[in-house]
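The structure under discussion appears below in the form of structure tokens.
The values are calculated or read from the model by the stated rules, or taken from the named source; none is laboratory data. Please read all numbers here as calculations on a predicted model, not as lab measurements. Here Cβ is always computed from backbone atoms with ideal geometry, including for glycine, and neighbour counts include all displayed protein chains.
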Amino acid sequence: MKNNKVRILTIDIETSPIISYTWGIFDQNIGLNQIIQDWHLLSFAAKFKDEKKLHYKDQRNAKDITNDKPLLEEIWKLLDKADIVIGQNVKSFDIKKINARFITHGMKPPSSYKQIDTLLIARRKFGMTSNKLEHLSKVLCKKKKSAHKKFAGFELWKECLKGNKAAWREMEMYNKADVEATEELYLKLQPFDNSFNPNLYTDTLNTVCACGSKNFVRNGHTYTSTGKFQRLTCKSCGAEVRSKANLLSKEKRKSLKGTV
């Protein structure tokens, strides 16, 4: 445990495309010997929950845009402080890409942390029209995923690689907005999810909700195959927790029959 308060980091990265030779534009299989330039990080944005500062760094002023080690060193410091890392598609994309660049640069892994993916929560718990951040933030959040303005779609990445200052400014806005939207999105999804127990990260004996509230109300009981437990509901966000004490007597527990 790094401190007496869980440190939750929301992160989002942007990467360059792989540049390669190709004979067509549809359904292509690209061989390794066709790659002209491999991908690398272009920028990242990150923010700790309950902190105002939004961390951001990009490659716009780098002498060699492909040398993303300075970005990786900043990301490493943030991940090393984090207990939990949140992101949209963070498990399949951001963290794997970051780790790939860590090991490529010969860097050691940061301290271990738990990953929470808002995309996976949305897929598992809801039937929204779309699970993309653009749609989820539009429907659920005050802070929205930023739309591309001057540089639509791939043009933004292409212009950044060319050194276009206006494109880099838009990339920064785009990257930061994704982090702010994802942070708020998780707060909306969290009451429906049980990805982590915040009480493991504090020394207090008081029950703390993942939203930060300590105000709970008793709300009936919840049952397992061998026990009955007090159910508690957070008055702030509606998330549920249950006590560890089995309310069934020893005699009742002994009398229980299991299903076959």
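From the set of residues in region 80-94 that are surrounded by fewer than 20 Cβ atoms within 10 Å (Cβ to Cβ) and of a type outside the set (D, E, K, R), which is nearest to ILE121 (Cα to Cα)?
To start, the set of residues in region 80-94 that are surrounded by fewer than 20 Cβ atoms within 10 Å (Cβ to Cβ) comprises 80-81, 89, 91-93.
Next cut, of a type outside the set (D, E, K, R) only: 89, 92-93.
Details: ASN89: 10, SER92: 13, PHE93: 15 Å.
The selected residue is ASN89.
Can you find a residue in region 178-189 that is more than 22 Å from GLN59 (Cβ to Cβ), at pLDDT below 95 and small (Gly, Ala, Ser)?
No.
Among GLU240, GLU180, GLU251, which is the only one that is assigned by TED's automatic domain parsing to the domain that holds GLY153 and either out of contact with any Gly (no Cβ under 6 Å at 6 or more places or on another chain) or over 30 Å from LEU42 (Cα atoms) (or both)?
On the way: GLU240 fails: assigned by TED's automatic domain parsing to the domain that holds GLY153; GLU251 fails: assigned by TED's automatic domain parsing to the domain that holds GLY153.
Checking each option against the conditions leaves just GLU180.
Of everything in region 230-242 that's closer than 18 Å to CYS211 by Cα and free of Cβ contacts under 8 Å to residues at least 24 places away in the same chain, which residue is surrounded by the fewest Cβ atoms within 10 Å (Cβ to Cβ)?
Selected residue: LYS235.
Does region 99-136 hold any residues that are part of a helix (DSSP H, G or I), farther than 27 Å from TYR201 by Cβ and either modelled with pLDDT under 95 or not aliphatic (A, V, I, L, M) (or both), and which are they? Step through it out loud before you land on a result.
First, pick out the residues of region 99-136 that are part of a helix (DSSP H, G or I): 99-104, 118-125, 133-136.
Filter once more, so that each one left must be farther than 27 Å from TYR201 by Cβ: 100-101, 103-104, 134-135.
Within region 99-136, ARG101, THR104, GLU134, HIS135 meet the criteria.
LEU41 - would you say it is touching a Ser or Thr at 6+ places or on another chain (Cβ under 8 Å), within 23 Å of ASP178 (Cβ to Cβ) and of a type in the set (A, V, I, L, M)?
Yes, satisfied.
If SER146 satisfies all but one of (1) of a type in the set (Ser, Thr, Tyr); (2) buried (at least 17 other Cβ atoms within 10 Å of the Cβ); (3) modelled with pLDDT of 95 or more, what's the number of the condition it fails?
Failing condition for SER146: (3).
Does region 133-147 hold any residues that are farther than 17 Å from ILE13 by Cβ and either over 17 Å from the mean Cα position of the chain (by Cα) or not small (Gly, Ala, Ser) (or both), and which are they?
First pass over region 133-147, keeping only residues farther than 17 Å from ILE13 by Cβ: 134-144, 147.
Residues satisfying the conditions are GLU134, HIS135, LEU136, LYS138, VAL139, LEU140, CYS141, LYS142, LYS143, LYS144, ALA147.
Give me the pairs: first residue in region 205-229 and surrounded by 14 or more Cβ atoms within 10 Å (Cβ to Cβ), second residue among the aromatic types (Phe, Trp, Tyr) and in a strand (DSSP E or B), beta-carbon distance under 8 Å, and six or more apart or on different chains, which are they?
Qualifying pairs under 8 Å: THR207/PHE216; CYS209/PHE216; THR222/PHE229; PHE229/TYR223.
Can you name the condition, by its number, that LYS5 falls short on among (1) modelled with pLDDT of 95 or more; (2) surrounded by fewer than 23 Cβ atoms within 10 Å (Cβ to Cβ)?
Just one mismatch for LYS5, condition (1).
Can you pull out every residue in region 47-63 that is of a type in the set (A, V, I, L, M), free of Cβ contacts under 8 Å to residues at least 60 places away in the same chain and within 26 Å of ILE84 (Cα to Cα)? Outline the logic, then answer.
Applying the first criterion (of a type in the set (A, V, I, L, M)) to region 47-63 yields 54, 62.
Retained after the next criterion (residues that are free of Cβ contacts under 8 Å to residues at least 60 places away in the same chain): 62.
None; the set is empty.
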